[in-house]
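Can you read through this structure? Questions will come right after.
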Amino acid sequence: MSVASIQSDRLGANPFVVEGPIVSGSGIPGPNFSLGAVAGGDRESEWVYCQLVLASQTTLQPGQWFQWTRDYVASLLTTAAAVVGQRCGVFSGAAQPPTLTGGPVGAITLAPGTYYVWLQRNGQAPALVATATAALVVAETTTTPGQASAPASATATTKAIANVNFAAANQTFTATTVNGSNLLTSLSGLNAGSGPFIGAAISGTGIAGGTTISGITYSPSGVVQSITLSANATANGSGITITATGVLEATLMRPFLSKVN
């Protein structure tokens, strides 16, 4: 499988553009679409246009989970704030030219303010997941904003997320490491549309514990050329097996918060 990458049936709609901050009297128009507008794309994908009000500086990364009200006001999903019955979905990423780090679905840091975002509710998408077991069919909220979990069985007091499942608990590929460098190169065994994704935890020979993916560089044709890590490699290696976890490819089927576990 691979994640959705285009929107096509609503003129001007782009799931990877964050609009804002919208400041009254600034002359910058917004919102550019009606709240709750839906646009579709490839791989059965659907996005919903929502308002996002940020009280403090916030970094959004592909795969973060959001819930939204009937008025289409979105907020990062957490167990404490989750409201049973509300719809939910994921942030697909922020637009960047494909030859720059981050590729078509990168992270973005936003100042406090009012924004408008397209949140994916259907089709294949990256999803931020804390725990993933062999079951991969139980999805629930966590205490971490924007992060879901996929345990073998439901965890008491969390909120269940209905209508979502995951491709696999992790992803493996091979790469070359250079001692003191934060780049993985000579990549093999991966597909740009299926991950790995920014924010994923990385492990392997010569990779320091706690290392994550902070950037991905693509060629103009969309081929992954290199992966930037949050920490430098500690050894030289060629054809090293790398395992990525924490941001998984998910199949969304208009998920919603179904119950308290």
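The values are calculated or read from the model by the stated rules, or taken from the named source; none is laboratory data. Just so it is clear, the structure is predicted and the values come from calculations on it, not from any experiment. Every residue, glycine among them, receives a Cβ derived from its backbone with ideal geometry; neighbour counts consider all protein chains shown. The accessibility values were calculated without ligands, DNA or RNA, using every heavy atom of the protein model including side chains. Shrake-Rupley method; radii C 1.70, N 1.55, O 1.52, S 1.80 Å.
Given the conditions (1) open to solvent by less than 40 Å² (accessible area, probe 1.4 Å); (2) aliphatic (A, V, I, L, M); (3) modelled with pLDDT of 75 or more, report the number of the one that Val105 does not fulfil.
(3)
Taking Ser26 and the conditions (1) over 30 Å from Asn261 (Cα atoms); (2) under 21 Å from the mean Cα position of the chain (by Cα), which numbered condition does it fall short on, given that it satisfies the others?
Every condition holds for Ser26 apart from (2).
A follow-up question, please. Here's a check for you: in segment 68-82, which residue that is touching a Ser or Thr at 6+ places or on another chain (Cβ under 8 Å) and more than 24 Å from Ser194 (Cα to Cα) is surrounded by the fewest Cβ atoms within 10 Å (Cβ to Cβ)?
Ala80
Among the numbered criteria (1) farther than 18 Å from Ala4 by Cα; (2) buried (at least 19 other Cβ atoms within 10 Å of the Cβ), which single criterion is violated by Ile198?
So Ile198 meets the others, but not (1).
As an exercise: evaluate Thr243 against (1) under 19 Å from the mean Cα position of the chain (by Cα); (2) surrounded by 19 or more Cβ atoms within 10 Å (Cβ to Cβ); (3) closer than 21 Å to Ala168 by Cβ and give the number of the one condition it does not meet.
(2)
A further question on this structure: Within the group Ser186, Ser238, Ser230, Ser153, which residue is out of contact with any Gly (no Cβ under 7 Å at 6 or more places or on another chain), free of Cβ contacts under 8 Å to residues at least 40 places away in the same chain and open to solvent by 60 Å² or more (accessible area, probe 1.4 Å)?
Numbers: Ser186 fails: free of Cβ contacts under 8 Å to residues at least 40 places away in the same chain; Ser238 fails: free of Cβ contacts under 8 Å to residues at least 40 places away in the same chain; Ser230 fails: free of Cβ contacts under 8 Å to residues at least 40 places away in the same chain.
Within the list Ser186, Ser238, Ser230, Ser153, the selection yields Ser153.
If you don't mind, another one. When both residues are 6+ apart or on different chains and their Cβ atoms are under 7 Å apart, which pairs have a first residue that lies in segment 72-95 and is within 18 Å of Tyr115 (Cα to Cα) and touching a residue at least 60 places away in the same chain (Cβ under 8 Å), and a second that is part of a loop (DSSP other than H, G, I, E, B) and among the β-branched types (Val, Ile, Thr)?
Ser92/Val105; Gly93/Val105; Ala94/Val18; Ala95/Val17
Go over the candidates Ala134, Ala125 one by one and state the one that is among the small types (Gly, Ala, Ser) and more than 14 Å from the chain's Cα centre (by Cα).
Only one candidate qualifies: Ala134.
Just give me the residues in segment 113-135 being over 10 Å from Ala250 (Cβ atoms) and open to solvent by 10 Å² or more (accessible area, probe 1.4 Å), in sequence order. So that I can check it myself, show each step before the final result.
Step one: of segment 113-135, the residues over 10 Å from Ala250 (Cβ atoms) are 113-119, 121-122, 130-135.
Once the filter is applied, which keeps residues that are over 10 Å from Ala250 (Cβ atoms) and open to solvent by 10 Å² or more (accessible area, probe 1.4 Å), segment 113-135 yields Gly113, Thr114, Tyr116, Arg121, Asn122, Ala130, Thr131, Ala132, Thr133, Ala134, Ala135.
If a residue must be within 15 Å of the chain's Cα centre (by Cα) and among the hydroxyl-bearing types (Ser, Thr, Tyr), how many such residues does segment 166-196 contain?
Result for segment 166-196: 1.
Residue by residue through segment 203-227, note down the ones that are hydrophobic (A, V, I, L, M, F, W, C) and open to solvent by 50 Å² or more (accessible area, probe 1.4 Å).
Val223
A further question on this structure: Go through the residues of segment 40-62 one by one and say whether even a single one is surrounded by 17 or more Cβ atoms within 10 Å (Cβ to Cβ), in a loop (DSSP other than H, G, I, E, B), in contact (Cβ under 8 Å) with a residue 40 or more places away in the chain and under 13 Å from the mean Cα position of the chain (by Cα).
yes
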